[in-house]
Amino acid sequence: MIKYSELKKGGHVIANADGDIRRGEIENLNNTEKQVCVNTGAQSFWFQTEQLTPIELNEKELTNFKFRKEVKEDGTIKYLKGAFRMLIPKEGDFSRMEIWYRDEQRHFIEPIPLHVFQNHFFEMTKVFLNAGSFD
């Protein structure tokens with residue numbers, strides 16, 4: 001389950017509508033009812049947080065958001081998008097990471113889901129992380 005406080009407009013999650021499981025983007029939040037409006041591509045629906053599942057942050061997701069990958073000599077992997085950077089310890093290991101944008105740095109010692117990563121990206125850059133974010 002996802003904490004309601006982690007959810008922001010533009011975040012990507014998996015929504016389960018009575019067994020119909022689809023990936024979608026958060027379009028709106030109802031703070032009174034703690035409901036989340038998710039656009040699944042064809043239509044938007046309101047969901048309870050119990051019906052939402054986080055998406056794992058991995059290389060495929062970063063590639064979908066047009067991050068560029070650099071393999072460093074020491075085996076670390078750097079992902080770049082504009083002036084935003086992410087460093088992970090080795091190929092496919094998102095258990096720890098460092099992210100930075102200009103003079104702000106953040107360190108994570110445990111995996112974070114995609115929607116939380118998108119929140120950090122927005123907080124640091126003031127740009128929503130989507131496929132077209134400052135290519």
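The values are calculated or read from the model by the stated rules, or taken from the named source; none is laboratory data. Values in this document were obtained by computation on a predicted structure and should not be read as measured data. In this analysis, Cβ positions are derived from the backbone assuming ideal geometry, glycine residues included, and neighbour counts consider all displayed protein chains.
Of all residues in segment 10-23, exactly one satisfies the criterion of being at pLDDT below 95 and under 17 Å from residue 119 (Cβ atoms), namely 10. Suppose we filter segment 52-79 for residues that are in a strand (DSSP E or B) and either loosely packed, with under 14 Cβ neighbours inside 10 Å or in contact with a His (Cβ under 8 Å, 6 or more places away or on another chain) (or both); how many remain? Of the residues in that region, 5 qualify. Of 128, 122, all but one fail to be surrounded by 12 or more Cβ atoms within 10 Å (Cβ to Cβ), within 13 Å of residue 11 (Cα to Cα) and at pLDDT 95 or above; the exception is 122.
Just checking, which of 1, 86 is in contact (Cβ under 8 Å) with a residue 12 or more places away in the chain, touching a Leu at 6+ places or on another chain (Cβ under 9 Å) and assigned to a strand (DSSP E or B)?
86
Among the conditions (1) buried (at least 17 other Cβ atoms within 10 Å of the Cβ); (2) within 16 Å of the chain's Cα centre (by Cα), residue 47 misses just one, which is (2).
Taken together, the criteria place residue 129 among residues that are outside any strand (DSSP E or B) and touching a helix residue (DSSP H, G or I) at 6+ places or on another chain (Cβ under 8 Å). Here 90, 81 are screened, and the one residue that is modelled with pLDDT of 95 or more and within 17 Å of residue 63 (Cβ to Cβ) is 81. Right, residue 78: touching a Leu at 6+ places or on another chain (Cβ under 6 Å) and either outside the structural domain of residue 16 (by TED's automatic domain parsing) or free of Cβ contacts under 8 Å to residues at least 40 places away in the same chain (or both) or not? Considered against the rule, which asks whether it is touching a Leu at 6+ places or on another chain (Cβ under 6 Å) and either outside the structural domain of residue 16 (by TED's automatic domain parsing) or free of Cβ contacts under 8 Å to residues at least 40 places away in the same chain (or both), residue 78 comes out as yes.
Taking the listed residues 49, 40, the one that is touching a residue at least 40 places away in the same chain (Cβ under 8 Å), not charged (D, E, K, R) and not assigned by TED's automatic domain parsing to the domain that holds residue 113 is 49, with no other qualifying.
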